[in-house]
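Heads up: the structure comes next, in structure tokens.
The values are calculated or read from the model by the stated rules, or taken from the named source; none is laboratory data. Quick caveat, the model's predicted, so the values are computed rather than measured. Because the Cβ atoms are built from the backbone with ideal geometry, glycine has one as well, and the counts that use them run over all protein chains shown. SASA here: full protein model, heavy atoms, side chains in, ligands and nucleic acids out. Shrake-Rupley method; radii C 1.70, N 1.55, O 1.52, S 1.80 Å.
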Amino acid sequence: MVLIPGLNKLPSSTPTTLADLPRLGMGRVIKVVGDGPASERLRELGFAQGTEVHFCRQAPFAGPIVVALRGYQLCLRLGEARLVLVEKPGGTV
Amino acid sequence: MTNTLPTIALIGSPNSGKTTLFNALTGLRAKTGNYPGVTVDRREGIVQVASKGARLLDLPGTYSLHAISEDEAIAVETLRGTRPHEPAPDGVLIVADATTLERSLPMIAEILLLGRPTLLALTMVDELKARGGDLDIFRLQGELGIPVVGVVGNKGLGIDDLRERLLDPTVWAKAKNLPQSDVQARFAWADALLKKVTRHPVQESGLTRRIDSILLHPVLGGVIFLAFITAFFQAIFTWAGPAMDWMASFMDQSARWVLANGPDHFLTHMFADGVLRGVGAVLVFVPQIALLFALIFFFEASGYMARAAFVVDRLMGWVGLEGRCFISLLSSYACAVPGIMATRSIPSPKDRLATILVAPFATCSARLPVYALLISAFIPSTPVFGPITMQGLTLLGLYLLGGISAIFFAAIFKRGLLRGASLPFYLELPPYRLPSFSSIAIQVWRRVKVFLSSAGKIILAGSLVLWFLLNHPAPDLGVGADGPPSRQETLEQSYAADIGRALEPLFSPLGFDWRMNVGLVGSFAARELMISTMAQVYAVPDDDENFSGLRTILTTPDPITGKPPLTFAAAISLLIFFVYALLCLSTVAAIKRETGSWRWPLFMLAYMFAVAWVAAFVAYRLAL
């Protein structure tokens, strides 16, 4: 499935995910949803509650995104990025 | 003696400089094996200081002790001491990049919670300083309780001190102030600890940001990536090519010399044509493997490989693979053997297997002589557009057919046989770094050694068997024959010819006669041998320049039947068969080595043969 950032805006009451980071620029981790291996690994990679995540870049055609957190850069596909709930600090999205 | 040495397990996340440190500590005193039943390299080396030493076991890199892949499970089980036939380590050496402690400290905490004597080596301390960071290592040691050593692996700084300490893990102090093992608590602990020991936080690498803004630019990045793979591909062809030709001709000259100067005996022939040419068939791959891995390790250590995977991931994602599979498929265009060996960098076993399963479809350089011969003999050089001829287009078509088929079958396998939960995709983009030359050289040497000792044996044995089939039994020329039998006579009465005739029912629907079947049997040792085997079957003189003699023979109609030995339709059929069939003993040996059993190489022989047969049959019918 092709997900185009910005076109699939979630209702404002739902927290946004890391997949929206290209639009947000940065976000603070609320939590990682699920308990599959991907969610488990994302937590271990540093997506702990309160961690600030900055958007770096995205590959064309809704490709993977690169984010910066905890002093390093990580490349994720949008599917995995959607597991991380984030909020924009200092305001609702 | 090695049994009395303490065993130290080396653990760290990918990109932490673990391999460089292992190479700096052990040098060439390391051996590579395989963990039983799985396809993960087991690397062990000796750290030597004067007469004392320690065994250093390099565990697969991992970001977490909650293993989600085969290699991570090995690392974790070894640390816990729960792996069968692998005693619990006497000490643990953790490698962590000093610039990314914020991420790696939580895993360090988890390792410390195992309660084994542990030493922490911080790498990249020079880079930390260069990026404005300052870390109180003495305080960190005090807070953690365990010894902490700062090193620069690629410059050898701190290595001697570290080596000294590894000799006796019993004197390492115990860890203290450890957090709870749940992940949130560990990250909170790491943040608090880091606050205490950081004098100046490390800044983002400005160089990396500037390079990335070009190399990962949405448009420019793609163009540079294309230039990169073109250069990569070209380097393998133009640099490894001459070395391979030299190696092949050297072994060929040696064989000829032995034949000319040795006694005319069965053993002389076996040594020259079987052993020497067999060894040649193995050695010929060495320049290519060495060069390919030197390039791969260089780009991996410099940080570009992860970027290349980022650029190409969207494209590979459509097929169901990921960015890192691309390099293996690309390498297979030069030769499937190093391409298959390069699949080790793919973390997901399913993606890795899917890549191996289709890699031989990529048009390797050994197919080129066969394509060139058949195209020049059967395809007219009609100009199509400017300097482009029908012949050139046919060659391009064959190359594309191989690539498209590889992608197509990879997609099929990922949706069928290898369906199911695959590993989550994530990829660290480390800062750009200058790789250590000696570490790369050691890694390349290890790869070559692994190839020679495992795949090489199978190739040598297979070459001997094929030599035997092609040259035995000794021809019976009857009474009155003068002189020794010619190569053609030998071949016509050989076991290979028997096999060729026996295969006629199978291959006549494709338009092949028994002579071509013998060529196919010969090509199994190496695809390019198809031509020399056919030259023998059709008795082309030995000094046939550019195979013009063979070309003439193949296309000249037989005076009795009025048909040439190879018709146009049969030539097309043969070309298509060559695109698909796994006619390469060396590739089979490499697959056996990389998948750990005969199951997958046999499966590949079968399915690729089936695809080749059907495709060649269709092509033959259409071309008739």
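Once a ≥ b ≥ c are taken as the square roots of the eigenvalues of the Cα gyration tensor of the stretch A:28-87, is the result rounded (a/c under 1.5), prolate (a/b larger than b/c) or oblate (a/b not larger than b/c)?
Working: a/c = 1.78, a/b = 1.26, b/c = 1.41.
In terms of gyration-tensor shape, oblate.
Let me cross-check residue B:46: its accessible surface, 1.4 Å probe, with only protein heavy atoms counted, in Å² to the nearest 10?
30
How long is the stretch B:1-120 along each principal axis, judged by its Cα atoms, biggest number first, in Å?
38, 33, 25
Counting only helical runs of four or more DSSP H residues, what would the 222 nm mean residue ellipticity of chain B come to if each run contributes -39,500 (n - 2.57) and the total is spread over all its residues? Walk me through the numbers on the way to the answer.
Details: 29 runs with 351 residues, N = 624.
The helix contribution divided over chain B gives -17500 deg cm²/dmol.
Compare B:174, A:31, B:18, A:88 by solvent-accessible area with a 1.4 Å probe and give them largest first, with all protein chains kept in place.
Working: B:174 150, A:31 110, B:18 20, A:88 75 Å².
Highest to lowest solvent-accessible surface, that is B:174, A:31, A:88, B:18.
To the nearest 20 Debye, how big is the dipole of the protein assembly as shown about its Cα centre, given +1 on the beta carbon of each Lys and Arg and -1 on that of each Asp and Glu? Provide the component values of the computation, followed by the final result.
Values: 63 positive and 55 negative charges, 427 e Å.
Around 2060 debye, computed over the protein assembly as shown.
Once you place label points 7 Å from the Cα toward the Cβ at residue B:209 and residue B:129, how far apart are they in nm?
In this crude label model, residue B:209 to residue B:129 measures out at 2.4 nm.
Determine, from the Cβ-Cβ distance of residue B:506 and residue B:568 and an R0 of 22 Å, the FRET efficiency 1/(1 + (r/R0)^6), rounded to the nearest 0.05. Display every interim value, and only then the final one.
On the way: r = 22 Å, r/R0 = 0.98.
E between residue B:506 and residue B:568, to the nearest 0.05, is 0.55.
Which aspartates and glutamates, if any, have their Cα less than 15 Å from the Cα of residue B:129, not counting same-chain residues under 8 positions apart?
Output for residue B:129: B:97, B:204.
Given axes a ≥ b ≥ c from the Cα gyration tensor, I'd like to know whether the stretch B:90-165 is rounded (a/c under 1.5), prolate (a/b larger than b/c) or oblate. Intermediate values should be presented prior to the final figure.
On the way: a/c = 1.85, a/b = 1.27, b/c = 1.46.
Judged from the Cα gyration tensor, the stretch B:90-165 comes out oblate (a/c at least 1.5, b/c at or above a/b).
Please compare each pair in B:31/B:414; B:31/B:350; B:31/B:176; B:31/B:592; B:31/B:196; B:18/B:196 to a cut-off of 29 Å on the Cα-Cα distance and tell me which ones are over it.
On the way: B:31/B:414 34 Å; B:31/B:350 27 Å; B:31/B:176 35 Å; B:31/B:592 20 Å; B:31/B:196 41 Å; B:18/B:196 26 Å.
Long pairs (Cα-Cα over 29 Å): B:31/B:414; B:31/B:176; B:31/B:196.
Am I reading the A/B interface right? What is its buried accessible area, both sides, 1.4 Å probe, to the nearest 100 Å²? Spell out each step's value before the answer.
Numbers: alone 5600 and 28100 Å², together 30820 Å².
Approximately 2900 Å² gets buried when A meets B.
Residue by residue through the stretch B:578-593, which ³J(HN,Hα) values in whole Hz follow from phi under the Karplus form 6.51 cos²θ - 1.76 cosθ + 1.60 (θ = phi - 60°), with glycine and proline marked x?
Those phi angles translate into 5, 4, 9, 6, 7, 9, 7, 4, 5, 5, 4, 5, 5, 5, 4, 5 Hz.
Report the Cα centroid-to-centroid distance between the stretch A:12-82 and the stretch B:382-439 in angstrom, as an integer.
29
How crowded by other chains is A:34-44, given as the mean number of beta carbons from other chains within 10 Å of each beta carbon?
Working: counts 0, 0, 3, 8, 7, 1, 5, 10, 2, 8, 13.
Neighbouring Cβ atoms belonging to other protein chains average 5 per residue here.
Given the whole protein assembly as supplied and a 1.4 Å probe, what does the accessible area of residue B:66 come to in Å², nearest 10?
80
Counting only protein heavy atoms, what percent of the accessible surface of the stretch B:401-480 is carbon or sulfur at a 1.4 Å probe? All intermediate terms of the calculation are to be shown ahead of the outcome.
Numbers: 2770 of 3840 Å².
Here carbon and sulfur together make up 72 percent of the probe-accessible area.
Per residue of B:55-65, count partner chain C-beta atoms within 10 Å of its C-beta, then hand back the mean as an integer. Don't skip to the end; give the middle numbers.
On the way: counts 0, 0, 0, 0, 0, 0, 0, 1, 4, 5, 1.
What the average comes to for B:55-65 is 1.
Ranking request for peptides B:250-256, B:294-300: highest mean number of other beta-carbon atoms within 10 Å first, then the rest in descending order. All intermediate terms of the calculation are to be shown ahead of the outcome.
Details: B:250-256: 15.3, B:294-300: 19.7.
In decreasing order of mean packing, B:250-256, B:294-300 become B:294-300, B:250-256.
For residue B:499 and residue B:220, compute 0.36 nm times the residue count separating them, minus their Cα-Cα distance, and round to one decimal in nm. Don't skip to the answer; put the middle values down first.
Details: separation 279, 0.36 × 279 = 100.44 nm, distance 5.51 nm.
Using 0.36 nm per residue and subtracting the Cα-Cα distance, I get 94.9 nm.
Using a 7 Å offset from the Cα along the Cα-to-Cβ direction at both residue B:249 and residue B:141, what is the distance between the two label points in nm, to one decimal?
Those two pseudo-labels are separated by 6.0 nm.
Can you list the residues of the stretch B:402-432 that have at least 20 square angstrom less accessible area with all protein chains present than in their chain by itself, probe 1.4 Å?
SASA drop of 20 Å² or more in the stretch B:402-432: B:424, B:425, B:426, B:427, B:428, B:429.
Near residue A:88, which aspartates and glutamates are there with a Cα under 17 Å away, not counting those fewer than 8 places off in the same chain?
Reachable aspartates and glutamates: A:20, A:52.
Whole-Hz ³J(HN,Hα) for each residue in the stretch B:317-324, computed from phi via Karplus 6.51 cos²θ - 1.76 cosθ + 1.60 with θ = phi - 60°, x for glycine and proline: what do you get?
For the stretch B:317-324, the Karplus-derived couplings read x, 4, 7, x, 9, 10, x, 6 Hz, x marking Gly and Pro.
What shape does chain B take by its C-alpha gyration tensor, where a ≥ b ≥ c are the square roots of the eigenvalues and a/c under 1.5 counts as rounded, a/b above b/c as prolate, and the rest as oblate? List each step's numbers first, then the result.
On the way: a/c = 2.63, a/b = 1.97, b/c = 1.33.
It is prolate, given that a/c is not under 1.5 and a/b is the larger ratio.
For the full complex of protein chains and a 1.4 angstrom probe, list B:408, B:609, B:425 by accessible area with the highest value first. Let's see the in-between values first.
Numbers: B:408 115, B:609 65, B:425 10 Å².
In descending accessible area the options line up as B:408, B:609, B:425.
Going by amide H atoms built from the backbone, whose H comes under 5 Å of the H on residue B:157, apart from near neighbours?
B:152
How much of the accessible area of the stretch B:190-325, probe 1.4 Å, is carbon plus sulfur, in whole percent?
Working: 4720 of 6680 Å².
On the stretch B:190-325, the fraction of accessible area on carbon and sulfur atoms equals 71 percent.
Mind checking Rg over Rh on the stretch B:50-125, alpha carbons, Kirkwood formula for Rh?
Values: Rg = 13.0 Å, Rh = 13.4 Å.
Answer for the stretch B:50-125: 0.97.
In chain B, what percentage of the DSSP-assigned beta bridges are antiparallel, given to the nearest 5?
50
Using a 10 Å cut-off around each Cβ of peptide B:239-250, what is the average number of partner chain Cβ atoms that fall inside?
Averaged over the peptide's residues, the number is 0.
By per-residue mean of other Cβ atoms within 10 Å, what is the highest-first order of B:331-343, B:432-444, B:511-523, B:280-292? Provide the component values of the computation, followed by the final result.
Working: B:331-343: 26.2, B:432-444: 17.5, B:511-523: 23.7, B:280-292: 21.6.
Going by the mean number of other Cβ atoms within 10 Å, highest first, we get B:331-343, B:511-523, B:280-292, B:432-444.
Which percentage, to the nearest 5, of the DSSP beta bridges contained in the protein assembly as shown is antiparallel?
Working: 38 of 56 bridges.
Among the beta bridges of the protein assembly as shown, antiparallel pairing accounts for roughly 70 percent.
Rolling a 1.4 Å sphere over the protein heavy atoms, what is the accessible area per residue of the protein assembly as shown, to the nearest Å²?
Values: 30820 Å² over 717 residues.
It amounts to 43 Å² per residue over the protein assembly as shown.
Compute the length gained on full extension between residue B:558 and residue B:41: take 0.36 nm times their separation in residues and subtract their Cα-Cα distance, giving the result in nm to one decimal. It would help to have the intermediate numbers written out before the result.
Details: separation 517, 0.36 × 517 = 186.12 nm, distance 5.61 nm.
Answer, rounded to one decimal: 180.5 nm.
If you add up the charges near residue B:105, with Lys and Arg at +1 and Asp and Glu at -1, over every other residue whose beta carbon is less than 9 angstrom from its beta carbon, what do you get? Working shown, then result.
Working: positive: B:103, B:186; negative: B:102, B:191.
Cβ neighbours under 9 Å give a net charge of 0.
Evaluate E = 1/(1 + (r/R0)^6) for residue B:114 and residue B:259, where r is the Cβ-Cβ distance and R0 equals 45 Å; express this FRET efficiency to the nearest 0.05. Before the final figure, lay out each step's value.
Values: r = 63 Å, r/R0 = 1.39.
FRET efficiency, residue B:114 to residue B:259: 0.10.
Output the 0 to 90 degree angle, nearest 10, between the alpha-carbon long axis of helix B:101-112 and the longest principal axis computed from the alpha carbons of chain B.
For B:101-112 against chain B, the angle is about 90 degrees.
Roughly how many percent of the accessible protein surface of the stretch A:28-87 is carbon and sulfur, given a 1.4 Å probe and a whole-percent answer?
Values: 1100 of 2090 Å².
With neighbouring chains kept in place, the figure for the stretch A:28-87 is 53 percent.
Over the heavy atoms of residue B:344, what accessible area does a 1.4 Å probe trace out, to the nearest 10 Å²?
60
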